[in-house]
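Asks: Pasting a structure here, questions to come.
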Amino acid sequence: MPTQNPVNIAPAEGKLGVLIPGIGAVSTTFIAGVEAVKRGLGQPVGSLTQMATIRLGKRTDGRSPYIKDFVPLAGLNDLVFGGWDIYPDTAYEAATNAKVLETGLLEQIKEPLQSIKPMAAVFEQEYVRRIHGPNVKTNGSKMDKAEALMADIANFRKANNCSRLVMIWCGSTEVFHRPTAVHQSMSKFEEGLRKSDPEIAPSQIYAYAALKSGVPFANGAPNLTHDFPALLDLSRDGGVPICGKDFKTGQTFMKTLLAPGFKARMLGMHGWFSTNILGNRDGEVLEDPGSFKSKEETKLSVLEQILQPHLYPDLYKDLYHAVRINYYPPRGDAKEGWDNIDIFGWLGYPMQIKIDFLCRDSILAAPLVLDLILFMDLAQRAGLKGIQEWLSFYFKAPMTAPGLYPEHDIFIQLMKLKNTLRWMRGEDLITHLGLEYYD
Ligand SMILES: NC(=O)c1ccc[n+]([C@@H]2O[C@H](COP(=O)([O-])OP(=O)(O)OC[C@H]3O[C@@H](n4cnc5c(N)ncnc54)[C@H](O)[C@@H]3O)[C@@H](O)[C@H]2O)c1
């Protein structure tokens with residue numbers, strides 16, 4: 001029973017267009033997965049929007065609907081997919097090359113995958129150095145390219161009769177850059193676009209085009225894309241939701257499960273060494289030191305934020321944290337991540353934990369893409385705008401309001417997400433106080 005005024009949420013009527021820069025391993029695994037689930041060929045394992053329930057009211061109330069029945073989300077049958085890539089391969093060919101899903105499954109969904117042909121990309125070799133493709137927009141200034149993307153967006157909307165759109169960056173990781181003068185305001189950014197300022201990255205041009213078109217934008221990679229004043233202002237002033245960045249899968253997912261546990265028990269930590277091997281195209285791009293630096297920044301920030309060494313110097317001030325990624329082609333998408341964790345307990349006695357996670361990168365990322373699309377569309381229909389911190393759950397480096405540190409603890413992130421849904425529907429927020437059971 002709602003006890004407060006629910007948020008006014010427009011119904012999820014009509015088609016929801018999903019626009020993806022980067023038709024690679026993650027995006028094709030996601031699209032193929034949706035097509036497979038629609039045909040009863042598999043289950044959407046890992047997706048909160050499809051599989052999770054949400055408790056409402058007291059533990060004794062017995063109210064735990066599915067999230068998808070509690071808030072009005074777009075249905076899988078209403079999703080339409082499109083995207084851009086520097087390679088002209090259809091989603092079927094890209095999925096086949098990515099070798100994440102078995103060919104037997106891909107054959108059964110060949111038709112919808114083959115119909116997804118990437119539009120010409122906005123691309124710059126300076127930003128992603130190890131790949132080269134012919135399917136790129138070559139004419140004009142960066143502003144001309146932004147306008148060409150806006151035309152792509154408008155054409156896609158019309159051709160597919162979409163009532164709403166969401167864009168999610170699943171492109172390669174761009175090289176590390178910090179915001180510069182051109183990123184500080186909309187007028188400077190637009191002037192920079194007209195002058196083709198080299199500090200404006202391709203992903204930023206997609207984000208600009210999306211936000212200008214009123215389309216929510218999520219960033220699945222660690223690059224600087226919409227996390228600077230110009231685009232933050234555009235998203236807030238234009239009433240468009242944004243979120244990012246860098247999908248929290250594999251090793252960082254494990255880190256944000258374990259580190260809050262050590263801290264909760266006030267166990268100390270001397271060091272955490274993480275190393276990975278992976279052999280997909282993402283791994284190849286990350287061999288470039290500039291792209292790796294983007295990834296390293298988001299991966300390293302997590303422990304510091306969770307463990308708060310400034311509050312617990314005795315436990316964490318000397319923590320040594322290192323992350324390595326090695327490109328190793330034989331493994332393809334089947335990454336292996338090793339962690340060595342040196343912790344200490346009572347009276348400083350040392351202990352070690354070793355993790356060997358044989359994971360599948362794109363299998364872990366695909367359900368996150370689905371949830372982010374459906375929740376970003378919900379956010380827009382609920383009138384939310386700017387940074388959607390309640391979606392931190394999905395990211396290695398959650399975006400927050402300037403000056404606010406991000407919350408990395410996955411259990412706090414989950415509570416924040418579910419409380420946001422309760423708030424939308426006018427249900428009591430769950431504080432876990434629970435004194436009323438003992439009155
Ligand atoms: N798989 C995971 O678990 C995971 C986790 C976190 C982040 N990510 C990030 O997600 C992104 C996608 O990963 P992936 O494994 O699918 O990589 P991928 O290399 O298979 O696919 C990326 C695609 O983006 C295309 N691309 C690059 N620049 C582009 C541009 N400017 N416009 C349009 N297309 C462009 C490439 O041609 C490629 O096809 C990467 O940045 C990766 O770091 C993945």
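The values are calculated or read from the model by the stated rules, or taken from the named source; none is laboratory data. A quick note: this is a predicted structure, and the numbers were derived from the prediction, not measured. Cβ sites come from the backbone with ideal geometry, for glycine too, and all protein chains shown count toward neighbours. SASA here: full protein model, heavy atoms, side chains in, ligands and nucleic acids out. Shrake-Rupley method; radii C 1.70, N 1.55, O 1.52, S 1.80 Å.
Asks: Name the residue farthest towards the positive end of the dipole of the chain from the options A218, Q352, V80, assuming +1 on Cβ of Lys and Arg, -1 on Cβ of Asp and Glu, about the Cα centre.
Replies: With unit charges placed on the Cβ atoms, the residue in question is V80.
Asks: Near K293, which lysines are there with a Cα under 16 Å away, not counting those fewer than 8 places off in the same chain?
Replies: K245, K396
Asks: So what is the accessible area of the chain per residue, in Å², with the probe set to 1.4 Å?
Replies: 44 Å²
Asks: Shifting gears a bit: Estimate the FRET efficiency between Q305 and Y349 by the formula 1/(1 + (r/R0)^6), using the beta-carbon distance for r and 25 Å for R0, to the nearest 0.05.
Replies: So, using R0 = 25 Å, E works out to roughly 0.40.
Asks: For the chain, what does the equivalent ellipsoid look like in terms of its semi-axes, each the square root of 5 times an eigenvalue of the Cα gyration tensor, given largest first in whole Å?
Replies: So the three semi-axes of the chain are 33, 28, 23 Å.
Asks: Run the numbers for M266 and K317: contour at 0.36 nm per residue of separation, minus the present Cα-Cα distance, in nm.
Replies: Value of the extension gain: 17.0 nm.
Asks: Right, another one. Among G345, G22, G290, determine the one that fluctuates most according to a GNM of the chain built with springs between C-alpha atoms less than 10 Å apart.
Replies: Fluctuation is largest for G345.
Asks: So for the chain, averaging the separation of alpha carbon pairs under 8 Å that are six or more residues apart and normalising by length, what relative contact order in percent results?
Replies: 21 percent
Asks: What's the extension gain from A154 to T400 if we count 0.36 nm per residue and subtract their Cα-Cα distance?
Replies: Gain in length upon complete extension: 85.6 nm.
Asks: Dividing the alpha-carbon radius of gyration of the stretch 1-136 by 2.2 N^0.38 Å (N being the number of residues), what value is obtained?
Replies: That works out to 1.33 for the stretch 1-136.
Asks: Measure of size requested: the Rg and Dmax of the stretch 147-286, with Cα atoms as the atom set and Å as the unit; please supply both.
Replies: Both quantities, over Cα of the stretch 147-286: 18.4, 57 Å.
Asks: A further question on this structure: Grab the Cα-Cα distance for D428 and A52, subtract it from 0.36 nm times how many residues apart they are, and report the gain in nm with one decimal.
Replies: Result: 133.5 nm gained on full extension.
Asks: So if I place +1 on the C-beta of Lys and Arg and -1 on the C-beta of Asp and Glu, and nothing else carries charge, what would the dipole magnitude of the chain be about its Cα centre? I want it in debye, nearest 20.
Replies: About 520 debye.
Asks: At q = 0.24 Å⁻¹, what log₁₀ I(q)/I(0) does a Debye calculation on the Cα points of the stretch 107-163 give, no solvent, two decimals?
Replies: -1.03
Asks: At a threshold of 8 angstrom on Cα-Cα distance, excluding pairs fewer than six apart, so keeping six or more, what relative contact order does the stretch 140-202 reach in percent?
Replies: So the answer I get is 49 percent.
Asks: Quote the charge dipole size of the stretch 278-437 about the Cα centre in Debye, to the nearest 20; the model charges only the Cβ of Lys and Arg (+1) and of Asp and Glu (-1).
Replies: Result for the stretch 278-437 is approximately 340 debye, rounded to the nearest 20.
Asks: Plugging the Kirkwood radius over Cα pairs into Stokes-Einstein for the stretch 388-439, at a temperature of 37 °C and a viscosity of 0.692 mPa s, what D comes out in µm²/s?
Replies: The estimated diffusion coefficient comes to 266 µm²/s.
Asks: Something else: With each label point set 7 Å from Cα along the Cα-Cβ vector, what nm distance links T275 and D439?
Replies: 5.9 nm
Asks: Where nothing but the Cβ of Lys and Arg (+1) and of Asp and Glu (-1) is charged, how large is the charge dipole of the stretch 30-106 around its Cα centre, in debye to the nearest 20?
Replies: Roughly 620 debye, rounded to the nearest 20.
Asks: Still on this structure, please answer the following. Can you tell me, using C-alpha contacts under 8 Å and at least 6 residues apart, the relative contact order of the stretch 2-129 as a whole percent?
Replies: Relative contact order here is 32 percent.
Asks: Then there is this: Which distance in nm do the two modelled labels at V45 and E147 give, with both placed 7 Å along the Cα-to-Cβ direction?
Replies: 5.0 nm
Asks: Taking 2.2 N^0.38 Å as the expected size of a compact globular protein, what ratio does the Cα radius of gyration of the stretch 47-99 give against it, to two decimals?
Replies: 1.85
Asks: Under a straight-distance cross-link criterion of Cα-Cα below 21 Å, which lysines are reachable from K188, leaving out those fewer than 8 residues away in the same chain?
Replies: K142, K145, K212
Asks: To continue, here is another question. Please work out the ratio of the alpha-carbon Rg of the stretch 280-439 to 2.2 N^0.38 Å and round it to two decimals.
Replies: That works out to 1.28 for the stretch 280-439.
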